[in-house]
1. Applying the selection to the range 197-227, what residues are surrounded by fewer than 20 Cβ atoms within 10 Å (Cβ to Cβ) and at pLDDT 95 or above?
2. Only one residue in 90, 67 is over 27 Å from residue 174 (Cβ atoms) and out of contact with any strand residue (DSSP E or B) (no Cβ under 6 Å at 6 or more places or on another chain), so which one is that?
3. Being more than 19 Å from residue 409 (Cβ to Cβ) and touching a helix residue (DSSP H, G or I) at 6+ places or on another chain (Cβ under 6 Å) is the filter here, so list the residues in the range 349-364 that pass it.
4. Does residue 251 meet the test of being in contact with a Gly (Cβ under 6 Å, 6 or more places away or on another chain), within 23 Å of residue 261 (Cβ to Cβ) and of a type in the set (A, V, I, L, M)?
5. Only one of (1) under 25 Å from residue 50 (Cα atoms); (2) touching a residue at least 40 places away in the same chain (Cβ under 8 Å) is not met by residue 131, so which one is it?
6. Determine whether the range 276-294 contains at least one residue that is within 21 Å of residue 406 (Cβ to Cβ) and either touching a Pro at 6+ places or on another chain (Cβ under 6 Å) or buried (at least 19 other Cβ atoms within 10 Å of the Cβ) (or both).
7. I'm told residue 357 meets every condition in (1) in a helix (DSSP H, G or I); (2) over 22 Å from residue 267 (Cα atoms) except one. Can you identify the failing condition by its number?
8. Taking the range 318-348, which residues are at pLDDT 95 or above and in contact with an Asp or Glu (Cβ under 9 Å, 6 or more places away or on another chain)?
Amino acid sequence: MKSYDIIFIHPPRTLKHNYGKKARFIRGSYLFIPMGVFAIADLLEREGFGVKIINYPLEQFLDINWSLKDYLKSINFDICGIDLHWIHNSHAVIEIAKIVKSVNSNVKIILGGLSASYYRNDILKYFKEIDAIISGDGETPFLQYIQKVNHNKLLDSVPNLSYQDSSKHIKENPISYVAKTLDDLNFTNFSLLKNAKYYFENSRKMMGISGVIPIGRGCRFNCPLCGGGQRAQQLLAGRNNVVLRSPEKVIEDINNVLNKFKVPSIFFGHGAYPSNLKYWEQILKLLQKENLDIGGDLEIWRLPFPKEMWKMFSKTFTRRDSSISISPRTTSHRVHQKIAKICDPTFNFPLNQIKDTIKNANLNLTKLRIWLTMGYPFQSFIDVMKDFIFASKCILKYGKSNFKPITIMNEAYYIFPGSPAHESPESFGIKLKYNSFLEVVEAFKKAKKSYFYNVINYKKRFITGTNIQNLNTLFLIHAAPLFLTSSLKFTKTMDE
């Protein structure tokens with residue numbers, strides 16, 4: 001029987017029995033493990049601890065009869081870390097914690113991630129299976145927690161830690177650890193991941209992107225529904241600035257991944273925006289020197305994205321497996337202006353700049369994904385119709401062409417905890433449906449499996465969550481001619 005000091009379990013979106021049978025078709029299962037888990041696991045191994053990472057959705061994908069309980073019975077371990085970064089994993093996290101405790105009631109269970117950070121008091125109050133929660137950056141706090149537990153010492157000096165003391169009172173230590181540099185962390189020690197080979201082989205099949213490489217932590221912006229923006233990072237992680245890894249470290253990670261796994265593309269875990277374009281230029285130039293046969297997936301967080309950057313991107317990466325994404329969420333300038341006044345003056349995606357983005361994508365033969373959301377805050381039915389018209393024009397121009405692969409994607413959005421709209425819903429003309437973690441867990445417990453996330457936690461004055469879901473489904477069907485455009489045929493033609 002194998003023994004580990006610490007195991008990490010990445011939860012699926014749901015633990016329903018027939019999950020595995022449909023896993024390969026469900027992006028919403030969320031196969032991706034937050035990259036911070038790898039950094040923590042590697043640090044612990046370097047400190048002499050035995051560590052293993054288990055990806056629950058991957059294991060069920062590989063074997064529909066796989067049982068977490070049976071696997072846990074086959075190993076020894078003392079501490080279990082479970083990531084609750086994405087709110088969609090809320091129900092599964094609690095169920096996994098119950099499974100772990102049923103196997104060994106003495107195991108310490110610790111959660112981490114932005115969603116766990118936000119709901120730390122609720123979680124510790126209502127779910128006795130959880131022993132502790134780390135808020136924000138977790139490397140040093142996790143190490144100190146283990147050292148204290150192993151020597152039966154008090155936990156009051158462990159930074160960022162919330163926990164129940166011996167009297168079952170909830171204690172919350174200050175968020176005093178914020179990583180000032182990421183270059184001393186290792187995000188690519190995939191030897192610690194069970195079935196790592198299949199993780200990379202199947203990520204693109206299930207998620208549409210593969211080979212995630214962390215670029216930095218923090219954010220300069222405050223998108224209305226995002227729980228990872230500047231204000232949320234300050235609240236949940238004590239982070240006041242953006243810290244980016246050195247370009248050399250990023251290239252080193254890419255080479256490490258390519259040397260071990262067949263990865264068609266690299267998804268960069270930080271977007272491009274005007275103030276960091278010089279940084280992206282450095283990365284692209286270094287990659288060109290490496291002359292790697294690899295695709296790239298990059299997000300544009302704020303416009304403009306200059307012609308020169310498009311040229312560099314298309315020159316650096318293979319067309320077949322590359323994409324650039326942008327998320328204006330609506331084409332309505334009126335909506336953007338309202339949001340800019342409330343939470344982020346940079347939240348501005350003029351239609352002419354979106355059209356320039358489409359033009360540059362086509363000139364450089366690069367796949368472009370434009371993300372919209374029906375039922376966005378301040379969006380009227382007229383705005384919705386304008387977005388439908390925008391999609392229709394794109395369909396007429398690009399829908400039947402294999403040479404202009406423009407895709408308009410959309411999804412019903414969950415307003416993430418810590419986001420501006422979540423913290424001040426009335427300012428955005430919305431009403432939240434769930435106000436406690438208990439309600440969140442129950443909502444995701446009842447959620448159906450789908451390609452996208454299908455839990456909507458808000459309603460607008462004249463539109464319910466169900467109507468928001470229906471509008472997004474209708475829009476998805478409407479934009480299908482763009483989504484189904486054959487990018488493969490396009491790339492073959494261009495390569496020939």
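The values are calculated or read from the model by the stated rules, or taken from the named source; none is laboratory data. For clarity, every value in this text was computed on a predicted model and none was experimentally measured. Neighbour counts run over all protein chains shown; Cβ positions are idealised from the backbone, glycine included.
1. Passing the criteria: 216, 218, 220, 221.
2. Unique residue meeting the criteria: 67.
3. 364, the sole residue that qualifies.
4. Criteria not met by residue 251.
5. Among (1) under 25 Å from residue 50 (Cα atoms); (2) touching a residue at least 40 places away in the same chain (Cβ under 8 Å), residue 131 violates only (2).
6. no
7. Just one mismatch for residue 357, condition (2).
8. Once the filter is applied, which keeps residues that are at pLDDT 95 or above and in contact with an Asp or Glu (Cβ under 9 Å, 6 or more places away or on another chain), the range 318-348 yields 324, 325, 326, 327, 330, 331, 332, 334, 335.
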